[in-house]
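Have a look at the structure below, then the notes.
The values are calculated or read from the model by the stated rules, or taken from the named source; none is laboratory data. Remember, predicted model here, so these are calculated numbers, not experimental data. Positions of Cβ are generated from backbone atoms using ideal geometry, with glycine treated the same way; all protein chains shown enter the neighbour counts.
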Amino acid sequence: MLNSFLDLLFPKTCIGCGRFGGYFCTNCAGEIKQTELVCPFCERASLGGAVHAVCKRRFGLDGLWSLGVYQGSLRVAIQKLKYRWVREMAKDLIDITLEYWVKNPPILLDRIKKDQGKAWVISAVPLHPARQKWRGFNQSELLAKLFAQNLGLTYQNTLKRIRNTKPQIKLLSAERKQNIKNAFELAISRQLSDVSILLVDDVWTTGSTLKECCYVLKRNGVKSVWALTIAR
Ligand SMILES: [Zn+2]
Ligand SMILES: [Zn+2]
């Protein structure tokens with residue numbers, strides 16, 4: 001009731017073309033430029049985004065899947081979600097991702113299905129509590145929870161941020177790695193050796209945040225960690 005009333009007052013318009021109805025009309029959703037899938041270690045092309053055999057590291061990511069290039073309407077949508085606090089945007093972004101998955105099932109989905117979904121846990125890059133309080137929500141957690149719901153998988157906060165780091169966006173690549181080091185620790189006490197984790201974040205830039213999260217999870221016994229981002 002309240003939602004439909006708000007829709008009347010502030011009708012949603014397409015980010016791409018301004019048409020009324022939703023944040024992405026069918027046309028503009030179809031025009032999102034897909035990213036090439038790359039190995040999370042060397043960022044060169046790789047089948048399905050799986051890490052190359054030679055790039056595999058003990059505590060490194062096993063794969064990376066991203067929807068689109070961080071440009072145009074996809075960039076605007078993520079910025080609205082993150083900086084303009086448009087929470088409903090998360091649903092549109094996940095809907096577009098899943099529609100794409102239906103048409104182009106990724107290798108990652110095969111892996112999830114092989115385990116019948118049982119062993120996979122969806123998790124998100126956590127914000128520091130102070131930042132989350134300021135923003136009111138964690139955009140990565142919103143995306144991850146919607147994703148888990150739609151796939152019928154479990155969502156869990158597996159990590160917590162123990163240092164309030166500088167926003168990565170203001171830093172160079174080498175500084176980002178240093179900035180994020182030791183920023184996370186495990187948020188749960190359960191045994192993790194029997195699960196695979198899919199870590200969700202909004203954007204992959206240098207990957208230093210997701211790599212650091214993966215490092216903490218694998219140091220604590222997780223065997224397989226993939227990253228999924230909306231843009232790269
Ligand atoms: Zn449009
Ligand atoms: Zn590689």
* Tell me, which residue of region 147-168 that is in a helix (DSSP H, G or I) and not small (Gly, Ala, Ser) is surrounded by the most Cβ atoms within 10 Å (Cβ to Cβ)? -> Phe147
* Asked: Among the residues of region 93-100, is any more than 16 Å from ligand 2 (Cβ to nearest atom), within 14 Å of Val203 (Cα to Cα), of a type in the set (Phe, Trp, Tyr) and touching a strand residue (DSSP E or B) at 6+ places or on another chain (Cβ under 7 Å)?
  -> no
* Hey, any hits in region 44-51 for a residue that's touching a Phe, Trp or Tyr at 6+ places or on another chain (Cβ under 9 Å), within 16 Å of ligand 2 (Cβ to nearest atom) and of a type in the set (A, V, I, L, M)? -> yes
* To do: Name the residue, out of Ala144, Ala174, that is within 15 Å of Ala124 (Cα to Cα) and assigned to a helix (DSSP H, G or I).
  => Ala144
* Hand me the list of helices (runs of 4 or more DSSP H) wholly inside region 19-135 holding 2 or more residues that are more than 16 Å from the chain's Cα centre (by Cα) and within 20 Å of Ala227 (Cβ to Cβ). => 107-114
* Please work out which residue is modelled with the highest pLDDT, limiting yourself to region 8-64 and to residues that are of a type in the set (Phe, Trp, Tyr) and buried (at least 18 other Cβ atoms within 10 Å of the Cβ). => Phe41
* **Residues of region 6-18 satisfying the condition of being away from ligand 1 (no atom under 16 Å from the Cβ) and assigned to a loop (DSSP other than H, G, I, E, B)** => Phe10
* Structure fact -> When restricted to Arg19, Arg111, the only residue away from ligand 2 (no atom under 16 Å from the Cβ), in contact (Cβ under 8 Å) with a residue 60 or more places away in the chain and in contact with a strand residue (DSSP E or B) (Cβ under 9 Å, 6 or more places away or on another chain) is Arg111
